[in-house]
Each structure stands twice: as structure tokens, then as C-alpha cells.
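The values are calculated or read from the model by the stated rules, or taken from the named source; none is laboratory data. Quick caveat: nothing in here was measured; it's all calculated off a predicted structure. Every residue, glycine as well, gets a Cβ built from its backbone with ideal geometry; the counts of neighbours run over all protein chains shown. What goes into the accessible areas is simple: the full protein's heavy atoms, side chains included, and nothing from ligands, DNA or RNA. Shrake-Rupley method; radii C 1.70, N 1.55, O 1.52, S 1.80 Å.
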Amino acid sequence: MILLALESSCDETSAAVIRDSRVLANTISSQIALHAEYGGVVPELATREHLRNLGPATRSALEAAGITISQVDAVAATRGPGLPSALLVGLKAGQALAYSIRKPFLGINHHEAHLYSPWISGDPPVGDFSEFQPSVSLIVSGGHTLLVHVKNELDHEVLGSTVDDAAGECFDKVGKLIGLPYPAGPEIDRLSARGNPSAYDFPRPMLHEPNDDFSFAGLKTSVRYFLQKHPALFESEQCLRDVCASAQAAIVEVLVKKTIRAANRLGVTCVTGSGGVICNSALRRDLQIACNKAGIKLQLAVRKFSTDNAAMIGIVAERKLLAGAAPTPLDEDIDPGWSL
Ligand code: KG4
Ligand code: ZN
């Protein structure tokens, strides 16, 4: 089966071609530079960029995979959650393409696709489900922070999510406070490598609450008040690196401890992770250390499949079609608030 997948839920326009769990092509056109000027994603601009880039991204994915549109057996696109107008571009393009080649169409939940991205690896990338196990999956991005119990393929339950800001949003807002450009996560990661994570004691929100939810808005506010109270810190590069490392340590500790606690409680022996923040080196390192200690297998998305991409949409669509899922009607609308 050859599947063409499209993703346009936020600020990456992506098209992928999947055949038998292999990613033949995965083209991503990122809008980061465009939105950096505004300090965050501007939905209207994102939509225009998707309109401009989806055609070329799709053509180049097909070309890279060495196939023509007439060879495609099914089309998939993200249906939600995401920015409404951005979703509309990919969903309607996917439905139109499927209609034009008289092939089935599948609307995919973006978060369900993230659950599959840790299983895409290798070069060329293969969806290796041979080691697939019941797991606790951490999805951490600029828009979402979710803990999910994956009981089996296509069978999952959300355990908790953020009650305010997402973890990536917290990285970006803390970065803004110290003058870093958007998105600040990668730069905080880099600066933290030469900073002291114990220099300043920022709060670990909801760490001891008896649930699997997160909250990061208070942590960002605490960094803001701290910087307001100590303006001299801005004059020392080392102090700013220490602020980055200390804020990062707070975010990472909460994510790691709550993930491992959920895994232990549920008795699963596998933890997976995806989303842009999974690229964070301290998070990857500390998850690995905690999993080793707890005897848990850790399966993190490789960096190129951590952030939004159409390959993960295609992989989950293929699994669904193989499991006998019914196609999504061609007039089905977007579902911007679609929960997992
Ligand atoms: O999944 P993603 O590409 O897009 C969506 O949010 O949909 O995630 C982007 C987020 C941004 O908040 C960015 O700052 C964060 O992931 N991020 C990181 C790192 N790389 C990306 N945060 C911390 N450390 C990183 N290395
Ligand atoms: Zn995402």
C-alpha cells in the first residue's frame, strides 16, 4: 500500500509518502523564520504559508519517493487538533486529492500520530513495531503537554495534560524574558549546557499533585519576578546561562518524574516521547537515566520526527487502514479541538 500524507496543523507544512511502514519521503517546509519576527505563530500568516507551500511540498515528496499520484492507494491528512485555518488547508487538499484519484481518505488525530513517531527510525526510516509494548507516552511541544497510556496499538487513554502553558511554551516565554528569539527552546538547551542547573531554585509545579497533569505558567511567572528583582543578572552572561539551566532543570524534573511515576503506577515497562521539546538534551538524558533506574525501556522519537511531520500522519493512517478503519467522508470538516 502506498500512502500520501499531509500535515498542516501549526507552522510546518509537510508531505510524506509511506509504503509498507517505510517512509519513502518526508518533506517539511518550516515557517519558524517567518513567525520569529512576531514572537510566536501568527495563524493567518501560517495559513497563507501552508497555501503557498503545500503544493510544492507534495510534489517534492512524490518525486523523492519516485512515484506518481496515480500510484497512491490512500491519502491522509491531519484533521485536528490545531489552528483551524491551518488545518483546513491540509485537510481540504487531502480530500480533494483523494477524490481526484478515487482513493480512500483518512483524517488523522495529530496527537495519535505523535504516539507513533517514536517508532519511526533508521535510514531509510522504518516503522518498527516489533518491539511495540504497552507504554506511557509523553507528547511535549509548543502547544501541548500530554501523558498518554498506550495500552496497545490504536488503543490509548489520556492520563493528563497541561492545565495552562505547554512545556515548549514555557521554554519560549522564559527565553523571551531573557531576550532570546522565538522559538527559544533550542537556545535555552544550548546555553544551559554551560550553566548551573542548581544556581536558582525555581518551582516544580504540580510535581507532588496526585494526578498526571502539568502546569507551567507559574514557573514562567516566577522566572519573570526573579529577573525583575535581580536586574543585574542581565549584565552577566554566566548568570543568564544559570537562569536558563535552572529553569530547564525545573521543567525537565517535572516531566521526567511525572512520566516515570505514571509508568510505574500502570506497570508498563516502556516509555516513549515525541514533540519538539523531546529534542531537549537534558530531557533526553534524564529520561534515559530515570528509565534505566526503573528498568523501563525508553523509545524517543529521533530528532527529525520529533517535531511536526507528515510521516507520522502516514504511519498511523496505514496502521488504521490495515486494521480495517473506515475512510473519513470527503466532506468531513476539521476538528481543531479534537482530543485524543
Ligand atoms: O513540536 P513542535 O515543533 O511544534 C509545535 O509546538 O507544534 O515544538 C516546538 C516547540 C517550541 O516551543 C520549541 O521551543 C521547543 O519545541 N523545542 C525545544 C527544543 N527544540 C524545540 N525546547 C527545549 N529544548 C529543545 N532542544
Ligand atoms: Zn505536534
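Conditions (1) surrounded by 24 or more Cβ atoms within 10 Å (Cβ to Cβ); (2) modelled with pLDDT under 95; (3) within 19 Å of VAL23 (Cβ to Cβ), marked per residue:
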| position | (1), (2), (3) |
| --- | --- |
| CYS291 | no, no, no |
| GLN299 | no, no, yes |
| LYS304 | no, yes, yes |
| ALA310 | yes, no, yes |
| ALA317 | yes, no, yes |
| LYS320 | no, no, yes |
| GLY324 | no, no, no |
| PRO329 | no, no, no |
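Conditions (1) among the charged types (D, E, K, R); (2) assigned to a helix (DSSP H, G or I); (3) at negative phi, marked per residue:
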position	(1), (2), (3)
HIS208	no, no, yes
ASN211	no, no, yes
LEU219	no, yes, yes
GLN238	no, yes, yes
ALA247	no, yes, yes
ASN264	no, yes, yes
GLN288	no, yes, yes
LYS293	yes, yes, yes
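Would you pick out the residues in the stretch 304-338 that are within 30 Å of ALA250 (Cα to Cα) and within 14 Å of ligand 2 (Cβ to nearest atom)?
Just the residues of the stretch 304-338 that are within 30 Å of ALA250 (Cα to Cα), to begin with: 304-309, 312, 337-338.
Within the stretch 304-338, LYS304, PHE305, SER306, THR307, ASP308, ASN309, MET312, TRP338 qualify.
Looking at the stretch 302-328, I want the residues that are closer than 10 Å to ASN26 by Cβ and have a partner that is within 11 Å of ligand 1 (Cβ to nearest atom) and in a helix (DSSP H, G or I) with Cβ atoms under 6 Å, at least 6 apart or on another chain. Which pairs are those?
Matching pairs, first to second residue: PHE305/SER117; MET312/SER117.
Which one of CYS244, CYS270 is within 19 Å of VAL148 (Cβ to Cβ) and buried (at least 18 other Cβ atoms within 10 Å of the Cβ)?
Details: CYS244 fails: within 19 Å of VAL148 (Cβ to Cβ).
Within the list CYS244, CYS270, the selection yields CYS270.
Among the residues of the stretch 1-34, write down those that are in contact (Cβ under 8 Å) with a residue 24 or more places away in the chain, within 16 Å of ligand 1 (Cβ to nearest atom) and touching a helix residue (DSSP H, G or I) at 6+ places or on another chain (Cβ under 7 Å).
Correct list: LEU6, GLU7, SER8, SER9, CYS10, ASP11, THR13, SER14, ALA16, ASN26, THR27, SER29.
Return yes or no: is PRO329 assigned to a loop (DSSP other than H, G, I, E, B) and either more than 16 Å from ligand 1 (Cβ to nearest atom) or more than 23 Å from the chain's Cα centre (by Cα) (or both)?
Values: assigned to a loop (DSSP other than H, G, I, E, B): yes; either more than 16 Å from ligand 1 (Cβ to nearest atom) or more than 23 Å from the chain's Cα centre (by Cα) (or both): yes.
Spelling it out, PRO329 is indeed assigned to a loop (DSSP other than H, G, I, E, B) and either more than 16 Å from ligand 1 (Cβ to nearest atom) or more than 23 Å from the chain's Cα centre (by Cα) (or both).
Identify, please: which residue in the stretch 278-306 is closer than 22 Å to GLU157 by Cβ and within 12 Å of ligand 1 (Cβ to nearest atom) and is, among those, farthest from the chain's Cα centre (by Cα)?
ALA301
Go through (1) away from ligand 1 (no atom under 16 Å from the Cβ); (2) surrounded by fewer than 21 Cβ atoms within 10 Å (Cβ to Cβ); (3) within 28 Å of THR145 (Cα to Cα); (4) hydrophobic (A, V, I, L, M, F, W, C) and name the single condition ALA93 misses.
In the conditions (1) away from ligand 1 (no atom under 16 Å from the Cβ); (2) surrounded by fewer than 21 Cβ atoms within 10 Å (Cβ to Cβ); (3) within 28 Å of THR145 (Cα to Cα); (4) hydrophobic (A, V, I, L, M, F, W, C), ALA93 misses (3) alone.
Which members of the stretch 259-277 meet the condition of being within 11 Å of ligand 1 (Cβ to nearest atom) and either β-branched (Val, Ile, Thr) or touching a strand residue (DSSP E or B) at 6+ places or on another chain (Cβ under 7 Å) (or both)?
We begin by selecting, within the stretch 259-277, every residue within 11 Å of ligand 1 (Cβ to nearest atom); these are 274-277.
Answer for the stretch 259-277, where residues must be within 11 Å of ligand 1 (Cβ to nearest atom) and either β-branched (Val, Ile, Thr) or touching a strand residue (DSSP E or B) at 6+ places or on another chain (Cβ under 7 Å) (or both): SER274, GLY275, VAL277.
Given (1) more than 22 Å from GLU169 (Cβ to Cβ); (2) touching a residue at least 40 places away in the same chain (Cβ under 8 Å); (3) not small (Gly, Ala, Ser), identify the lone condition not met by LEU233.
Of (1) more than 22 Å from GLU169 (Cβ to Cβ); (2) touching a residue at least 40 places away in the same chain (Cβ under 8 Å); (3) not small (Gly, Ala, Ser), only one is false for LEU233: (2).
Hey, could you check the stretch 10-37 for residues that are among the polar types (S, T, N, Q) and closer than 18 Å to SER141 by Cα and say which is surrounded by the fewest Cβ atoms within 10 Å (Cβ to Cβ)? Write out each step before concluding.
First, the residues of the stretch 10-37 that are among the polar types (S, T, N, Q): 13-14, 21, 26-27, 29-31.
Still in the list and also closer than 18 Å to SER141 by Cα: 13-14, 29-31.
On the way: THR13: 29, SER14: 30, SER29: 18, SER30: 15, GLN31: 21.
For the stretch 10-37, the residue satisfying everything is SER30.
Out of the strands (runs of 3 or more DSSP E) lying entirely within the stretch 118-175, which hold 2 or more residues that are among the hydrophobic types (A, V, I, L, M, F, W, C), within 16 Å of ligand 1 (Cβ to nearest atom) and crowded, with 16+ Cβ neighbours inside 10 Å?
Working: elements: 135-140, 145-152, 155-161.
Filter on the stretch 118-175 gives 135-140, 145-152.
VAL252 versus (1) open to solvent by less than 30 Å² (accessible area, probe 1.4 Å); (2) among the hydrophobic types (A, V, I, L, M, F, W, C); (3) within 26 Å of TYR116 (Cβ to Cβ); (4) in contact (Cβ under 8 Å) with a residue 40 or more places away in the chain: which is the lone unmet condition?
With respect to (1) open to solvent by less than 30 Å² (accessible area, probe 1.4 Å); (2) among the hydrophobic types (A, V, I, L, M, F, W, C); (3) within 26 Å of TYR116 (Cβ to Cβ); (4) in contact (Cβ under 8 Å) with a residue 40 or more places away in the chain, VAL252 is out only on (4).
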